[in-house]
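Structure, as structure tokens:
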Amino acid sequence: MSDLPLIQADRAVEPPAATTTTRGRGRRLRLLSRTDRVVITLMVLVPLLLVSALVWLPALATVALSTTNWDGIGPLGDIDFVGGRNYSDVVNIYPPFVPAVQHNLLWLAALFVVATPFGMFLAVLLDKELRGSRFYQTALYLPVVLSLALIGFVWQLIYSRDQGLLNAVLGSDVDWYGDPGVNIWAVMVASGWRHVGYIMLLYLAGLKGVDPSLREAAAVDGASEVNTFFRVVFPVMRPINIIVLVVTVIESLRAFDLVWVVNKGRNGLELLSALVTQNVVGEASRIGFGSALATIMLVVSLVFITIYLATVMREDR
Amino acid sequence: MSRPRTQAEYLARLVPPSVAGLNRRSLLAGAAGASALLGTGLLAGCGDSDSGGSGGKTVSMGSNASDPTPKDVLAKVSAAFKTSSGVEVAINTVDHNTFQENINNYLQGKPDDVFTWFAGYRMRFFAARGLAGDVSDVWGKLSGFSDAFKKASTGDDGKQYFVPFSYYPWAVFYRKSVWQQHGYQVPTTLDQFNTLGAQMKRDGLVPIAFADKDGWPAMGTFDILNLRINGYQFHVDLMAGKESWTSDKVKKVFDTWAGLLPLHQPDSLGRTWQEAAQSLQQKKSGMYLLGLFVAQQFNADEQDDIDFFTFPEIDSTIGAKALDAPIDGYMMARKPKSEENAKKLLEYIGGVDAGNISVKTDPGTLVANTGADTSGYSALQKKAAELVGSATEIAQFLDRDTRPDFASTVIIPALQQFIKDPTDIGGLLTSIENQKKSIFTS
């Protein structure tokens, strides 16, 4: 497939003329009219430029900056290269780094094992057309719609040690946000609360698309509800399952917002994304050091992206 | 649509087109999302700002006074300035923390002619990097500032870059009524302080209210202990990266602090300073080391019940005369649109009239200009002004006296680590020192 990039770019924008181009591959490409060729060129060039300018250029710039000690002030010509020092600093003398990696993995595990299956479960329940299912749907999806600042505020009201709802109701004095052994779980509950709604909606959309005759056939064959779901519906939903999986991985890698609202990713809530922000954005301006952290995050993301791409491309063949 | 030929094709058609297109697109979105974070380094150069007014009869001002009271003060000062000079001030108010975090981009973009900032290391840093305008000739026309304030406004090159407007001291605050009820006396030594704390515990009070969720309040505790144990000059040198964090002097600060920690309110890392201040206000805590702004958390009729003392002496050769008293004020952009108007405005801000407006409007701060009429001060303000006036040295506060990258990415996590686990001081200090070397040599 030597012309793979062309095809990829085509599909990314879903051109109306897709059929012409795919059918006219190779030898018949020359038969395309002048207009067609202009259109195709544009369709390739525009996304290519956008992706390069918005994705690859910043990413490469980040990698380049990670070998400097730039403090964000002054012309680019003043930048000194320090080689791998930022990386060795990150690994050797930066105490929040190791907890951050652990927390990211914990986050992935928690979303994958608890939140995502729970969201799928809720979607299956809501698909049963219960009475008032629209109400539940709205209630569950609400956290995804609410603004971050508001969510942070709502959970602060619940988790505050001295004045919070949770301690008042339980009569306890657990330091939900301050105790580094507890706060990661407290925040993951809050984050899961959002994630469940998101997965629920995605999965529900998929379930609505499943042909009812499949279930009827399964019922006629005498399959139980559980068997119908796991043997018939679930395999049929494969594309959605992959999307849900990818969304879960992405969400856990970019987990950032709640942690930032709570305590800017410190004291038990270290996450890679929060460390990058702490160092790069704001007054600190350790652009070089922060870029090294960002590059590490990029590498971690690339691992997942590569696995995903490999899976998808193998299917396409 | 023709019938599907294979099962796979049939299954694929069950997925709505909008969803089917999603897998590749969500991948792109994900990649873009990841890079959005990664790209911030590049975007850092794109900061922009509105700069109102150009020459003639206007001057623009970038303000971090987003809280109601300081905002009101600034509005009144600029209105009075317009009356006296005929020049209109276009104020561009930005949220306080946002302003502080974006300051690098702001100053490198198109900053307003005059902008709010603090005295200290960061001010001198901007001056040295050519990001601020020289206002030495404004200082030639100013009067009523003590030498300490002039020194705090001076850059490394000996020129002035800052006009002070207001300041507030850090001290140990308490409620008079609570102390009268239990018959407590103001401690003047560390031993008395400890004894008092133990007595408060027996009386069912939390001796020292404490909160460090946001990371900076604990810096105040570190600062005052360091000033009491090692003195002002050591504080300055330590903050400038010249002294070693692994030295016995710093270790003694943390050892002393560890001895005091049992008197502090527990679980401080999940608490905001407002919540800690409210525990003082609700008479659950006996005292609280914080800035004068703690008074915001008290009702109007309780203001007279607030009192304070400066942190007691620890080493008699050092004394108890130094303290943290951060100064807020104004700076001029490197290339203001109208330098003449900007300097006029700064001169007015540093003058007595502007000081008088602040006295009347803001009970939470003190006026920097000693010429201002302070008869409008509350008892608390008068006492605070006396305290600062009697101070031999005035420090600005840890995060204003050192590099911001060191303060925010090293000191905050380190102090929080110490509060969590006060036993491993040696390991903590080694970690700080290693990071300090890396940051200060870059």
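The values are calculated or read from the model by the stated rules, or taken from the named source; none is laboratory data. Source: prediction; values computed, not measured. No Cβ is skipped: glycine too gets one built from the backbone with ideal geometry, and neighbour counts run over all protein chains shown.
In this entry, B:Ala407 passes the filter for residues that are within 14 Å of chain A (Cβ to nearest Cβ), surrounded by 20 or more Cβ atoms within 10 Å (Cβ to Cβ), at pLDDT 90 or above and within 17 Å of the chain's Cα centre (by Cα). Among the residues of the stretch B:418-435, just one is of a type in the set (Val, Ile, Thr) and exposed (fewer than 14 other Cβ atoms within 10 Å of the Cβ), namely B:Thr423. Taken over the stretch A:289-308, the criterion of being at the interface with chain B (Cβ under 7 Å from one of its Cβ atoms) and either in contact with an Asp or Glu (Cβ under 9 Å, 6 or more places away or on another chain) or free of Cβ contacts under 8 Å to residues at least 12 places away in the same chain (or both) is satisfied by A:Ile305 alone. Evaluating B:Leu429 against the criteria (1) closer than 30 Å to B:Tyr330 by Cβ; (2) at pLDDT 95 or above; (3) of a type outside the set (Phe, Trp, Tyr) leaves one unmet condition, (1).
Residue count for the stretch A:232-259, restricted to those that are under 16 Å from A:Val101 (Cα atoms) and assigned to a helix (DSSP H, G or I): 6. Of the residues screened, A:Ser172 is one that is more than 25 Å from B:Pro413 (Cα to Cα), of a type in the set (S, T, N, Q) and at pLDDT below 90. So, in the stretch B:356-401, of the ones that are assigned to a helix (DSSP H, G or I) and charged (D, E, K, R), which residue ends up surrounded by the most Cβ atoms within 10 Å (Cβ to Cβ)? Looking at the filtered set, the residue picked out is B:Asp399. Taken together, the criteria place B:Gln435 among residues that are touching an Asp or Glu at 6+ places or on another chain (Cβ under 9 Å), closer than 30 Å to B:His264 by Cα and without any contact (Cβ under 8 Å) to a residue 40 or more places away in the chain.
The residue list B:Pro312, B:Pro262 contains one member that is modelled with pLDDT of 90 or more and touching a strand residue (DSSP E or B) at 6+ places or on another chain (Cβ under 6 Å), which is B:Pro312. When the stretch A:69-123 is limited to residues that are of a type in the set (Gly, Ala, Ser) and not in a helix (DSSP H, G or I), the one that is nearest to the other protein chains (Cβ to nearest Cβ) turns out to be A:Gly72. Each residue in the stretch A:269-279 was checked for being within 8 Å of chain B (Cβ to nearest Cβ) and either part of a loop (DSSP other than H, G, I, E, B) or touching a residue at least 24 places away in the same chain (Cβ under 8 Å) (or both), and 1 pass. Among the conditions (1) closer than 19 Å to B:Ser358 by Cβ; (2) out of contact with any Asp or Glu (no Cβ under 9 Å at 6 or more places or on another chain), the only one that B:Phe126 does not satisfy is (1). Mind listing whichever residues of the stretch B:416-430 are assigned to a helix (DSSP H, G or I) and within 10 Å of chain A (Cβ to nearest Cβ)? Matches in the stretch B:416-430: B:Gln416, B:Gln417, B:Ile419, B:Lys420, B:Gly427, B:Leu428, B:Thr430. Taken together, B:Asn369, B:Asn356 contain a single residue that is over 30 Å from B:Phe222 (Cα atoms) and either in contact (Cβ under 8 Å) with a residue 24 or more places away in the chain or in contact with an Asp or Glu (Cβ under 8 Å, 6 or more places away or on another chain) (or both), which is B:Asn356.
Would it be correct to say that B:Asn64 is under 25 Å from B:Thr365 (Cα atoms), of a type outside the set (Asp, Glu) and without any contact (Cβ under 8 Å) to a residue 24 or more places away in the chain? No; evaluated as a whole, the condition is false for this residue. Might you check whether a residue that is surrounded by 23 or more Cβ atoms within 10 Å (Cβ to Cβ), within 24 Å of the chain's Cα centre (by Cα) and in the same structural domain as B:Lys337 (by TED's automatic domain parsing) occurs anywhere in the stretch B:96-104? Yes: the stretch B:96-104 contains one or more residues that are surrounded by 23 or more Cβ atoms within 10 Å (Cβ to Cβ), within 24 Å of the chain's Cα centre (by Cα) and in the same structural domain as B:Lys337 (by TED's automatic domain parsing).
Only one entry in A:Val232, A:Val210 is surrounded by fewer than 24 Cβ atoms within 10 Å (Cβ to Cβ) and more than 20 Å from A:Gln137 (Cα to Cα), namely A:Val232.
Just the residues that are small (Gly, Ala, Ser), closer than 17 Å to B:Ser279 by Cβ and assigned to a loop (DSSP other than H, G, I, E, B), please, taken from the stretch A:147-174. Within the stretch A:147-174, A:Ser160, A:Gly164 qualify.
Restricting attention to the stretch A:156-197 and to residues that are of a type in the set (Phe, Trp, Tyr) and within 12 Å of chain B (Cβ to nearest Cβ), the residue that is surrounded by the most Cβ atoms within 10 Å (Cβ to Cβ) turns out to be A:Tyr177. Looking for something assigned by TED's automatic domain parsing to the domain that holds B:Gly371, buried (at least 21 other Cβ atoms within 10 Å of the Cβ), basic (Lys, Arg) and under 30 Å from A:Asn279 (Cβ atoms) - is there at least one such residue anywhere in the stretch B:116-134? Yes, that holds for at least one residue.
Given the conditions (1) touching a residue at least 40 places away in the same chain (Cβ under 8 Å); (2) in a helix (DSSP H, G or I), report the number of the one that B:Gly130 does not fulfil. Going through (1) touching a residue at least 40 places away in the same chain (Cβ under 8 Å); (2) in a helix (DSSP H, G or I) one by one, B:Gly130 breaks only (2). May I ask you to list the residues in the stretch B:244-279 that are at the interface with chain A (Cβ under 9 Å from one of its Cβ atoms) and not in a loop (DSSP other than H, G, I, E, B)? Across the stretch B:244-279, the qualifying residues are B:Ser268, B:Leu269, B:Gly270, B:Glu275, B:Ala276, B:Gln278, B:Ser279.
Taken over the stretch A:41-68, the criterion of being within 9 Å of chain B (Cβ to nearest Cβ), of a type in the set (S, T, N, Q) and assigned to a helix (DSSP H, G or I) is satisfied by A:Thr62 alone.
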